[in-house]
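Structure first, commentary second.
Bear in mind that the values in this text are calculations on the coordinates, not laboratory data. A quick note: this is a predicted structure, and the numbers were derived from the prediction, not measured. FYI the Cβ positions are ideal-geometry reconstructions off the backbone, even for glycines, and counts take in every protein chain you see.
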Amino acid sequence: MGRVKFGLLGAGGFAREVMPFVKGSVAKTLLISEENINVYFVETWQPKESTVNGYSVLSLDEFIQLKGKKYFNVAVGSGRDREAMVTEVGSNAEPLSLQAPQATIFDCNIIANGSVFCPNTMVTSNASIGKFFHCNIYAYVAHDCVIGDFVTFAPGVRCNGRVHIEDYAYIGTNAIIREGTSEKPLRIGKGAVVGMGAVVTKDVPAGATVVGNPARVMEKR
Ligand SMILES: CC(C)(COP(=O)(O)OP(=O)(O)OC[C@H]1O[C@@H](n2cnc3c(N)ncnc32)[C@H](O)[C@@H]1OP(=O)(O)O)[C@@H](O)C(=O)NCCC(=O)NCCS
C-alpha cells in the first residue's frame, strides 16, 4: 500500500482541535503506521494560508488531484454545511470516522461512517448513530439513544438514555437532555437547535430552537 492521504475539510477552530488526533486515529483504523499517512487541511475555496499549525492546507481541487488512496472527514459544526461538503467531495475520497484515544465507546453500538469523537467523549451501550455525527469534547451519548445523520453535539452535551435525535439537530454546549422511556423516548426533531446550557425535559419540535431550564421554544424575532 502506498502512502495514504487524509483530508480534513475545514481549517477553522474545530478542525484545528480535531487535527491533533487524526493521524493516530487513521493509523489505528487502517492498521498502518502513522509514517505512511499524509494529512492535510482541505478548504472548499482557495486557501489564504499554505499551512495551519504546521499542517499543509490544500484546496479541494488540489486534494482531489493527489494520486493514491484518499480518505476524508469534515470538521465544521453545522450538519447541513457538513452534508454540502460531503457532496462536494463525492466519490473522490472515502469517508473515515475519527476517534481520539481518550474517547470511549462501549458495547453494541451501531455508528455510521464519518463520525468524529473528540477527547473525553463517550457512547455507553446500545446506541444507534447516523452518519457524520460530531461529538465534541466531554459530550456523551447514553444507552438506547437513536441519533440521525449530520447531528452535532457541542462540548459537554449530556444526552441521557432513550433519547431520539433527528437529522441535522444541533445540541449546544453543556445542554442536558432528560432520559426517555422505552415506550416514549424523548424526541428532538429534525434540524432543531438546543441552546447552550439548556435543560431539555420534553420533546423538541422539528426546526425549533429551545433555551433555558426547563428548555422552552425561543420565539423568532
Ligand atoms: C440558542 C442560540 C442558538 C441562539 O442564538 P441566536 O439566535 O443568535 O440568539 P441571540 O444571541 O441573538 O440571543 C437572543 C436572546 O436569547 C438569549 N440567549 C441566547 N442563547 C441563550 C441560551 N443558550 N440560553 C438562554 N438564553 C440565551 C440572549 O441572551 C438574547 O437575550 P435578549 O433578547 O434578552 O438579549 C445560541 O445562543 C446558542 O446557545 N448556541 C450554541 C452555542 C454553542 O454551544 N457553541 C458551541 C461551539 S463549539
List nothing, just return the count: lysine pairs in the range 1-144, 8 or more apart or interchain, with Cα separation under 25 Å. 20
What is the helix-to-structure angle for 79-89, meaning the angle in degrees between its Cα long axis and the longest Cα principal axis of the chain, kept from 0 to 90 and rounded to the nearest 10? 30 degrees
Can you tell me the Rg and Dmax of the range 161-203, counting just the alpha carbons, in angstroms? 9.8, 28
14 Å Cα-Cα reach of Lys190 towards aspartates and glutamates, excluding residues that sit fewer than 8 places from it in its own chain: Asp149, Glu166, Asp167, Asp203
From the C-alpha gyration tensor of the range 4-96, square roots of 5λ in Å: 18, 15, 14
Tell me which lysines have Cα within less than 21 Å of Lys184's Cα, excluding those fewer than 8 residues away on the same chain? Lys202
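Work the Kirkwood hydrodynamic radius out for the chain: mean of 1/r over every pair of different alpha-carbon atoms, inverted, in Å.
17.8 Å
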For the range 80-123, max minus min Cα coordinate along each principal axis, in Å, sorted largest first? 32, 20, 18
Between the alpha carbon centres of the range 183-211 and the range 80-101 the gap in Å comes to 26 Å
Ranked highest first by average number of other Cβ atoms within 10 Å, how do 41-48, 182-189, 121-128 line up? 121-128, 41-48, 182-189
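Given the rule -39500 (n - 2.57) for each run of at least 4 DSSP H residues, summed and divided by the residues of the chain, what is its mean residue ellipticity at 222 nm, to the nearest 500 deg cm²/dmol?
Result for the chain, helices only: -4000 deg cm²/dmol.
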Have a look at the DSSP beta bridges in the range 139-221 and tell me what percent are antiparallel, nearest 5. 10 percent
